[in-house]
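In what follows, a single structure is set out as structure tokens and then discussed.
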Amino acid sequence: MSTYSTMARLTQIVAGIALAPGALGAALIASHFAGGVYTLDFAGTNTSGTLSMVSQTSGCGTTPGWIELYSDSGKLYCFDESWTGRGVISEYNVASDGRLTLTGQARTTGNTVHGVLYGGADGRGFVATAEYSPSTITTYKMPLLSSAVLQLEKFTMAQRGPNPRQDVPHPHEVHLDPTGKFIITPDLGADVVRIFKIDATSGKLTACSEGKADAGDGPRHIEFWKSAAGVQKAYTVNELGNSVSAWDVTYPSSNGSGCLSLKKTQTLSTYAPGKKGGPTTKAAEIRVVGNFLYATNRADQTFGSQQDSIATYTINPTTGALAWLEAANSYSYYPRTFQFNKNGTLLAVGGQTSSNVAIIARDPATGRLGKLVANLQVGQKGRAGEEDGLSAVVWVE
């Protein structure tokens with residue numbers, strides 16, 4: 001065994017001994033626009049800890065832009081945002097410590113900003129991707145053994161939107177609804193939320209009526225929520241409008257022949273009442289935990305130089321209505337993605353331009369975010385406003 005391996009093993013043993021009762025040990029995976037996919041180790045508690053690099057791998061093309069983890073099967077899927085007209089979808093086996101082994105790959109046309117598995121007997125029979133600039137969503141049949149396209153949906157719009165970036169439709173996500181029967185695609189360019197019904201056997205997607213956002217909102221990502229009494233809502237983060245919107249969700253009758261529908265009921269700024277973002281600020285990601293909603297702001301530097309904010313809202317447990325709670329420090333610059341651990345006690349933030357993973361404490365009772373627990377720069381820092389730096393981060397749980 002090499003000296004390096006011996007020291008690494010000794011470090012792991014010492015770290016394990018040092019963990020007090022109730023301490024946490026978890027892996028995270030982060031992707032970087034420069035091509036690397038990294039495994040990280042978090043050791044500590046809900047109030048203090050350390051992040052360290054475990055491994056780095058490649059295989060997700062030139063510009064890994066999004067990662068989806070399926071913990072039950074130990075599979076990670078990485079989507080290449082290459083703008084060269086050629087990209088890949090890559091599949092990895094995830095070991096217990098988060099280390100990755102490439103197991104499958106399919107060629108794409110690139111510019112993929114999001115992807116998700118859907119349909120089939122196990123809900124993993126097909127994969128859908130969203131392509132930002134080509135204005136398309138594309139589907140493929142699993143496993144990832146070829147690049148044969150199953151279905152291609154090309155979007156158009158009659159006229160440009162009010163924001164200069166709304167020149168053509170820009171689908172930004174392919175989100176599976178809680179029933180697994182519909183794919184939801186917020187379209188930043190067209191100011192709509194597209195809805196597709198899934199044929200689980202064939203993988204075919206059939207378009208439903210769209211949810212209508214306000215002009216210039218630029219919906220980017222979506223999350224679903226359901227009250228104890230069965231009230232169903234969806235929430236979008238609107239990148240161009242620097243806002244979040246609440247939507248009523250209506251499902252078809254039990255015979256399953258109809259479509260899911262969305263109706264917007266509320267829009268709130270991602271800034272406190274009386275405040276607003278600047279000319280370069282862009283809302284990015286949205287998450288729901290219990291009766292709280294969170295959305296990140298990029299380039300607002302609310303908490304100082306290169307320290308952007310996370311908007312926090314309460315969700316009315318009866319109606320699903322949103323109310324402003326606070327702005328919290330993301331401890332990062334251009335927080336592109338973030339994810340809570342299963343206990344809801346820690347938040348991992350992926351700072352794009354700062355190219356860091358920040359672990360932040362969270363109070364599950366109040367929903368408020370707290371101090372920085374751990375922090376690690378991953379790969380080379382990006383440039384403000386450019387597609388470089390850290391692209392995504394997920395917990396391995």
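Subtracting the Cα-Cα distance of A321 and Q56 from 0.36 nm times their residue separation leaves 91.2 nm of extension gain. Under the shape rule built on the C-alpha gyration tensor, where the axes satisfy a ≥ b ≥ c, segment 124-244 is oblate, since a/c reaches at least 1.5 while a/b does not exceed b/c.
For the residues T206, T45, a 1.4 Å probe over the protein chains yields an accessible-area ranking, largest first, of T206, T45. Here the contact order of the chain, divided by its residue count and restricted to Cα pairs under 8 Å and six or more residues apart, works out to 12 percent.
Reported value for the chain: 145 Å³ per residue, from the convex hull of its C-alpha atoms. A straight line joining the Cα centroids of segment 324-371 and segment 112-147 runs 29 Å. The figure for D248 is an accessible area of roughly 60 square angstrom, using a 1.4 Å probe on the protein chains alone. When only the Cβ of Lys, Arg, Asp and Glu is charged (+1, +1, -1, -1), the dipole of the chain relative to its Cα centre reaches about 180 debye.
Considering only alpha-carbon pairs that sit under 8 angstrom and 6 or more positions apart, the relative contact order computed for segment 241-397 is 15 percent. Element breakdown for the chain at a 1.4 angstrom probe: carbon and sulfur atoms account for 52% of the accessible area. Counting only protein heavy atoms and a 1.4 Å probe, the chain has 41 square angstrom of accessible area per residue.
The values are calculated or read from the model by the stated rules, or taken from the named source; none is laboratory data. Since we're looking at a predicted model, the values are computed, not measured. Cβ sites come from the backbone with ideal geometry, for glycine too, and all protein chains shown count toward neighbours. Note: areas computed on protein heavy atoms with side chains; ligands, DNA, RNA excluded. Shrake-Rupley method; radii C 1.70, N 1.55, O 1.52, S 1.80 Å.
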